[in-house]
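Asker: My questions all concern the structure below.
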Amino acid sequence: MRLLIKSMNIETPIKNLNMKKLIFLLTFISLYSCLQAQCDARYFRKCAVTELLPGLSDFKVTQDNGDKSGSWEGSLNGQRIIGTYAYDHSAGRFVATVNAPVVSNPQPTVQSGESGMQEERGKSMNTSSNRIEERIETLEGKNQEALSRSESALRQAGDAEQSAGRALLEIDDLQTKMLLLERRMDQLEAGQKNSGPAQTINSSSFTNSNPSPVRAQKSSKPVAVSRYSPDMTLYLGFGVRPLKYGDLDIEFEYIDESPSHDHIYEYYQLDKRSSAFSLNAGFEYFDHSNWFYHLEGELYFGEVRGGGADFGMGYHFDTGKGFEIRPSLGLGMNYTSVELGDIYQNSVYIQVNDTKFYSRSVGIRVSSPSLSLRPQVAFVLPVLDNYEVRLGMGYHINLARFSSDLQFSGEDENRKSISDSKPLKAANAYLGVNGRRTTTSFASPQGFFIHACFGLRM
């Protein structure tokens, strides 16, 4: 009361107040106390309700019985909730109860306390668990269906592979039968020439019902049929060619054809030589069988120059171990040119035929063609789909040497390079090797050779 009087800034002592002012002051205090009690009661009623239903909004008292009891209503999750309240004297607090939600359509009744919320959460979790189980069952069904499709595809692939294998076996069988039939035809033709008309071949003996006819049993050796051989192979490589000659003492004499008929004499020494570096190129053609034809060319470099080409025939073996063997035999022509040195003029020029060399020196080479036989074998390693690496070796047999020529090279009076040749057997030329005159080249391919090549299958 003293605080209230002080807040109202009343400094006059109460004993000095008159009766009217005292009555007014008591009335004001009574009204203020009632209003404060009403506010406190409303606040504690709301606390009791919100403690029961957390999240309740729009709370209001709909009926006050005057004895600290009454009814209320509010909103929770979009639903109108009604209930009652009363003052518990033993506990010294308001207690609220829930009657029912106010809805237009039937809805599940909101249960009081934490037990209702737990039950609602349990139902939600059960629903989610059921949905997860349904999703798992759906995924398991799809997985099982995918596994079934994969197994079916694998079975189909296996069937296709077996069919391809059977087809390859049938093709091999047909090729063998065709070769046997051709051999039998050749035998019958040979017999017809000696004894009369050929016998008729019963084609039914080569059907699948009789895969081993009696006539086929006459062959004592199996027929080798390669599963694969290209129609043509182009290859390029390098190697070492034999060019054998020993230490040579060479005498060269020449009487030129100028009016002065200058006599030229030179002496040369050539060291022993056994080989020369070469470049190789060629191709092989297969006639849809194991037999093939080949044409190969080569070039030599160094003091001994030249080249050659040979044509031959070979046979293709497929070892079945990742590489092939191709032996062959070829007949070839070769051209070799050996550098002797220079001759020096003792006049104004040196004349060879109608060519006049005005240079101080003129180069001399001896060139000669030759005929050779070359057996060889190539070891072939297929790489990728259309390429191969091959290593070839063989022996070069010189069959014949032909007349050689002297090659002259120098400059004319205008210092332009010119050349001319003269047969080594000419009357005004002489070439002596170790004291004996020769009219053929002393250097020609003879002996073992080896080359490595890279090929393209076509």
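Where a number appears in this text, it was derived from the coordinates with a stated rule and is not lab data. This one's a predicted model, so the numbers in the text were calculated from it and none came from an experiment. Note that each Cβ is placed from the backbone with ideal geometry, even for glycine, and that neighbours are counted across all protein chains shown.
Asker: Provide, as a two-decimal number, the C-alpha radius of gyration of region 346-407 over 2.2 N^0.38 Å, N being how many residues it has. Working shown, then result.
Answerer: Working: Rg = 22.5 Å, N = 62, 2.2 N^0.38 = 10.6 Å.
Rounded to two decimals, the normalised Rg is 2.14.
Asker: Non-local amide H neighbours of Asp262 (under 5 Å, H modeled in plane, Pro and chain starts lacking H): which ones?
Answerer: Amide H neighbours of Asp262, under 5 Å, 5+ apart: Asp256.
Asker: Further question: State whether region 232-457 is rounded, prolate or oblate according to the following rule on the C-alpha gyration tensor (a ≥ b ≥ c being the square roots of its eigenvalues): a/c under 1.5 gives rounded; otherwise a/b larger than b/c gives prolate, and the remaining case gives oblate.
Answerer: Working: a/c = 3.15, a/b = 2.58, b/c = 1.22.
Cα axes put region 232-457 in the prolate bin.
Asker: If you don't mind, another one. Ranked by Cβ crowding within 10 angstrom, fewest neighbours first, how are Met125, Met313 ordered?
Answerer: Details: Met125 10, Met313 13.
Ranking Met125, Met313 by Cβ neighbours within 10 Å, fewest first, gives Met125, Met313.
Asker: Using the basic label-point model (7 angstrom from Cα toward the beta carbon), what is the Leu188 to Asp249 distance in nanometres?
Answerer: If labels sit at Leu188 and Asp249, their model points lie 7.4 nm apart.
Asker: Sort the following peptides by mean Cβ neighbour count (other Cβ atoms within 10 Å, averaged over residues), highest first: 300-309, 157-166.
Answerer: Details: 300-309: 18.2, 157-166: 10.0.
Order by mean packing, descending: 300-309, 157-166.
Asker: May I ask which of Lys272/Lys425; Lys272/Lys422; Lys21/Lys68; Lys20/Lys68 have a Cα-Cα span longer than 31 Å here? Walk me through the intermediate numbers first.
Answerer: Details: Lys272/Lys425 25 Å; Lys272/Lys422 26 Å; Lys21/Lys68 33 Å; Lys20/Lys68 34 Å.
Too far apart for the 31 Å limit: Lys21/Lys68; Lys20/Lys68.
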